[in-house]
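> Pasting in a structure now, in structure tokens, and then I'll have a few things to ask.
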């Protein structure tokens, strides 16, 4: 049983550049035993994906891996000839990437993708290939496999595409599945489903999984053992329970600390004014989707009422397509409500008092402006604040924890966490009373998430800014917010304090809660039973 | 552009500067008057006295090239400026406002484009006096349509970008959005279009002059110098055609390269080709 499917021994990768050689991976060693799930965890830039690429021998030109360091079923991968490598990559290893769109050929249907895969490695009739594909699609719990078979990639949602990708990876019964952040871009619920599928596959076929992620929650949920990476080197390898209970390396402890911050619901929900800042009354917004001659009405926001009080952090939780973003656009007056009203009780002008951080900060910066111009833009439009602009910009950057030497940087030169902070600085410069954050954690790794989270808490306390936190990530909302609204299909279905929400009886909220990954590997079993009980209770009551 | 193309850059800038100096200070470089007829020296080949030879009326080709360059460059630049201003403004407004106004403006544009520009030019000529200014106006007013269309398309797609909305959220008015974010984004397109606009204007001027509708014949321009010289070229008198033609070609080429460099200068920071040229 202890046979090693994959052995990585002293793997190093060098990049040759004009400035000389750069060591990207240093002496990476670990094993993947048969039937186990091994997770590689690390911050962005720690070399996780590079390791996966080196294992697959897919490194781009200029990257030179050390030879004889990857062994697959005790065979040296670098010594394989072309045919063997094809076999190795094609049939014995399956892989799933984070990008669910780029991995598909947009001109081919899902069925054609499968057919191509099958016919490359075996003789198979078209009819038989289709049968097999439909079977595979059923296995990843796609509800209409026949329809998916004939669909083009863009016709499927991100979650569906990820399932298809998984089906493709598992189509030829590989020995090893390599998954590179497969759930990072997805809703928590879809993430839970995908993780379950991978776990089931592992259990049923005895295959091994190398799972790359930045999220300790996912690790707690799925992994048997963990490899912690930092700056291109392995800092700790341990079974999952041991890693959570007795971390050895400082970096692991740091990650666990961040993770705790992200998952803990604060006990003190904080005292806040009950003076309302903005009230939304029966807001409604519909979009009309035209398809040929049919018009389809989509109720993006349907009769939603709520209020946000001064200095309060409110979470707005829902899956993609639940109308969260539309609601934020209504609040920002980027679109007008059709019915109902939004009343602003803060100081005027309204436009200045309510600011926004978009889920993709990079897209929200003018690409030809540098940080100083981007952050300071708001001052140009509000006359009374114009003087000593440079000073004000510097101060606000300091507030969000950025040094002033990034003033001359362009957006594309910043890292994900820095971009988020710059966007935050731009919003804070106008001293808003309400800050709307649209999925602020979507594109960040776990440590940046924790940093931004504590920054937000701090801003809320020192600046007395109310925050509307929009996310699909119920975990982060519980850690940050005082009060949480849950939306489904454009309707508000629940409103509760952060502490009360975890005892909610609403079916939808329960489902969202249960999709949260466990906080500790020891809770895995426990969660399954409680879920079973609730399901049972729900059916009977 | 790579370093090895540095000589090209220097060459182009040098050529354009020289051209400006020579045409601008034409009286200092030539002893002749552009309109001075010398019937004793008709169709002389290039010599020390007449650097580029003389034409059928004995006028010095070199002198006429210098004075003509003034006219051609002025007409090209001025007409281009007019067409860029009209085109960019029209396109930006149409794209930014959208809706009914956009639709009406675009149909008007379609109608204007469907008329051959030469007809449009002749049509306009009827209402305007026969002068240099008129030629500039006519060329400018008949060549802005492609620019308008491109700028509209870009504005339309940029309008939906998140950074434009983000700017609206921090308080930018529609006018500020247009001038601070949308139009600067269109600059690379506008630059390239306006450069090809210069060459288009120079050629249009030649066409108009050929039809007798352009620059009045007593004033030389590269365009009207080329007029009616076909027969002479066939009988071996090459200099009266080759020199104006050469200058038109060189200038159009130089301006086109200049446009390329400008495009690089205006490109998004991450797409600049490294070394800053201008």
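What follows draws every value from the coordinates through simple rules; no lab data is involved. Quick caveat, the model's predicted, so the values are computed rather than measured. Here the Cβ positions follow ideal geometry from the backbone for every residue, glycine too, while neighbour counts run over all protein chains shown.
> Restricting to the protein assembly as shown, compute how many DSSP beta bridges are antiparallel as a %, nearest 5.
Here the antiparallel bridges make up roughly 55 percent for the protein assembly as shown.
> When the Cα centres of the stretch B:208-251 and the stretch A:316-388 are compared, how far apart do they sit, in Å?
Using only Cα atoms to place each centre, the spacing works out to 60 Å.
> Tell me, what is the FRET efficiency for residue A:16 and residue A:124 to the nearest 0.05, using R0 = 35 angstrom and their Cβ-Cβ distance as r?
Once the sixth-power term is evaluated, E becomes 0.25.
> When a/c is below 1.5 the answer is rounded, else prolate if a/b is larger than b/c, else oblate, so apply that to the stretch A:315-465 with a ≥ b ≥ c taken from the square roots of the Cα gyration tensor eigenvalues.
oblate
> Per DSSP helix of 4 or more residues, -39500 (n - 2.57); summed, then divided by the residues of chain B. What does that give at 222 nm, rounded to the nearest 500? It would help to have the intermediate numbers written out before the result.
On the way: 12 runs with 187 residues, N = 278.
The helix contribution divided over chain B gives -22000 deg cm²/dmol.
> Same structure, new question: Roughly what % antiparallel, to the nearest 5, for the DSSP beta bridges in the stretch A:69-225? Provide the component values of the computation, followed by the final result.
Details: 2 of 11 bridges.
Rounded to the nearest five, the antiparallel share is 20 percent.
> Inside 10 Å of the C-beta atoms of B:167-178, what's the mean count of C-beta atoms belonging to other chains? Each step should come with its number before you reach the end.
Values: counts 10, 6, 18, 18, 11, 5, 1, 0, 0, 3, 0, 0.
Across the residues of B:167-178, the mean count of other-chain Cβ atoms within 10 Å is 6.
> To continue, here is another question. Just how many % of Cα pairs in the stretch B:15-162 lie over 22 Å apart, if you round to the nearest whole percent?
Result: 58 percent of Cα pairs exceed 22 Å.
> Still on this model: Of all beta bridges DSSP finds with both residues in the stretch A:134-286, what is the antiparallel percent, to the nearest 5?
55
> Another one. Given springs between every Cα pair under 10 Å in a Gaussian network model of chain B, which of B:63, B:142, B:189 has the largest fluctuation?
In the Gaussian network model the winner is B:189.
> Right, another one. Connecting C-alpha atoms closer than 10 Å in a GNM of chain B, tell me which of B:69, B:99, B:197 has the biggest fluctuation.
B:99
> What shape does the stretch A:418-502 have by the C-alpha gyration tensor, where a ≥ b ≥ c are the square roots of the eigenvalues, rounded means a/c under 1.5, and otherwise prolate means a/b greater than b/c and oblate the rest?
prolate
> Something else about it: Can you give me the relative contact order of chain B as a percent, contacts being Cα pairs under 8 Å and 6 or more apart?
Averaging sequence separation for qualifying contacts and normalising by length gives 24 percent for chain B.
> Would you mind checking the stretch A:228-250 for residues with the amide N under 20 Å from a putative spin-label position 7 Å along Cα→C-beta of residue A:203?
Hits in the stretch A:228-250 for residue A:203 at 20 Å: A:240-241.
> So what's the gap between the Cα centers of the stretch B:39-81 and the stretch A:390-433, to the nearest angstrom?
Answer, in whole Å: 60.
> Something else about it: How many percent of Cα pairs in the stretch A:191-326 exceed 21 Å?
Considering the stretch A:191-326, 66 percent of its Cα-Cα pairs are separated by more than 21 Å.
> Would you please give the FRET efficiency between residue A:288 and residue B:234, computed as 1/(1 + (r/R0)^6) with r the Cβ-Cβ distance and R0 = 56 Å, to the nearest 0.05?
Taking R0 as 56 Å, the efficiency between residue A:288 and residue B:234 is 0.25.
> Another question, if that's okay. In nm, give the distance between the simple-model label positions of residue B:250 and residue B:122, each being 7 Å from the Cα along the Cα-to-Cβ direction.
Going from the residue B:250 label point to the residue B:122 one covers 3.5 nm.
> By per-residue mean of other Cβ atoms within 10 Å, what is the highest-first order of A:313-321, A:390-398?
Working: A:313-321: 22.7, A:390-398: 17.0.
Highest to lowest by the protection proxy: A:313-321, A:390-398.
> Can you tell me the equivalent ellipsoid semi-axes for the stretch A:3-75? Use √(5λ) from the Cα gyration tensor, largest first, whole Å.
Result for the stretch A:3-75: semi-axes of 23, 14, 9 Å.
> Looking at the stretch A:83-128 from every direction and averaging, what is the projected area of its Cα convex hull in nm²?
4.0
> Based on Cα coordinates alone, diagonalise the gyration tensor for the stretch B:181-240, multiply each eigenvalue by 5, take square roots, and list the semi-axes in whole Å, largest first.
Semi-axis lengths for the stretch B:181-240 are 35, 13, 8 Å.
> Could you tell me the relative contact order of the stretch B:23-88? Use alpha-carbon pairs under 8 Å, at least six residues apart, and round to a whole percent.
Computed value for the stretch B:23-88: 29 percent relative contact order.
> Ok, one more. What Kirkwood Rh does the stretch B:49-132 have if only Cα atoms enter the pairwise 1/r average? Answer in Å. Walk me through the intermediate numbers first.
Values: mean 1/r = 0.0607 Å⁻¹.
For the stretch B:49-132, the Kirkwood estimate is 16.5 Å.
> Provide a whole-number value for the mean count of partner chain Cβ atoms within 10 Å of the Cβ atoms in peptide B:182-192.
Mean partner-chain Cβ count within 10 Å for B:182-192: 1.
> What is the distance, in nm, between label points placed 7 Å from the Cα along the Cα-to-Cβ direction at residue A:405 and at residue A:82?
Output for this residue pair reads 4.9 nm.
> Hey, what number do you get for chain A at 222 nm if only DSSP H runs of n ≥ 4 count, each worth -39500 (n - 2.57), divided across all residues, to the nearest 500?
-11000 deg cm²/dmol
> Residue A:502 to residue B:81: FRET efficiency via 1/(1 + (r/R0)^6), r the Cβ-Cβ distance, R0 56 Å, to the nearest 0.05?
Between residue A:502 and residue B:81 the formula returns 0.25.
> Per q in 0.14 1/Å, what log10 I(q)/I(0) does a Debye calculation on the alpha-carbon atoms of chain B return?
Result of the Debye calculation: -1.05.
> A further question on this structure: If you split all Cα-Cα distances of the protein assembly as shown into 20 Å bins from zero, what percentages do you get per bin, shortest first?
Computed distribution, short to long bins: 13, 34, 31, 17, 6, 0.
> Shifting gears a bit: By its C-alpha gyration tensor, with a ≥ b ≥ c as the square roots of the eigenvalues, how is the stretch A:61-146 shaped: rounded for a/c under 1.5, else prolate for a/b larger than b/c, else oblate?
Note, shape of the stretch A:61-146 comes out prolate.
> Compute for the stretch B:1-98: radius of gyration divided by Kirkwood radius, i.e. Rg/Rh, restricted to C-alpha atoms, rounded to two decimals.
On the way: Rg = 20.0 Å, Rh = 16.6 Å.
Ratio of gyration radius to Kirkwood radius: 1.21.
> Next up: Relative contact order of the stretch A:362-428, please, whole-number percent, based on alpha carbon pairs below 8 angstrom and at least 6 residues apart.
About 47 percent, as a whole number.
> Which distance in Å, rounded to a whole number, links the C-alpha centroids of the stretch A:437-493 and the stretch B:133-162?
So the two Cα centres are separated by 44 Å.
> Restricting the calculation to Cα positions, tell me the Rg (one decimal) and the Dmax (whole number) of the stretch A:328-382 in Å.
13.7, 40
> To continue, here is another question. Over the whole of A:300-307, what's the average partner chain Cβ count within 10 Å per residue? Rounded to a whole number, please.
Across the residues of A:300-307, the mean count of other-chain Cβ atoms within 10 Å is 0.
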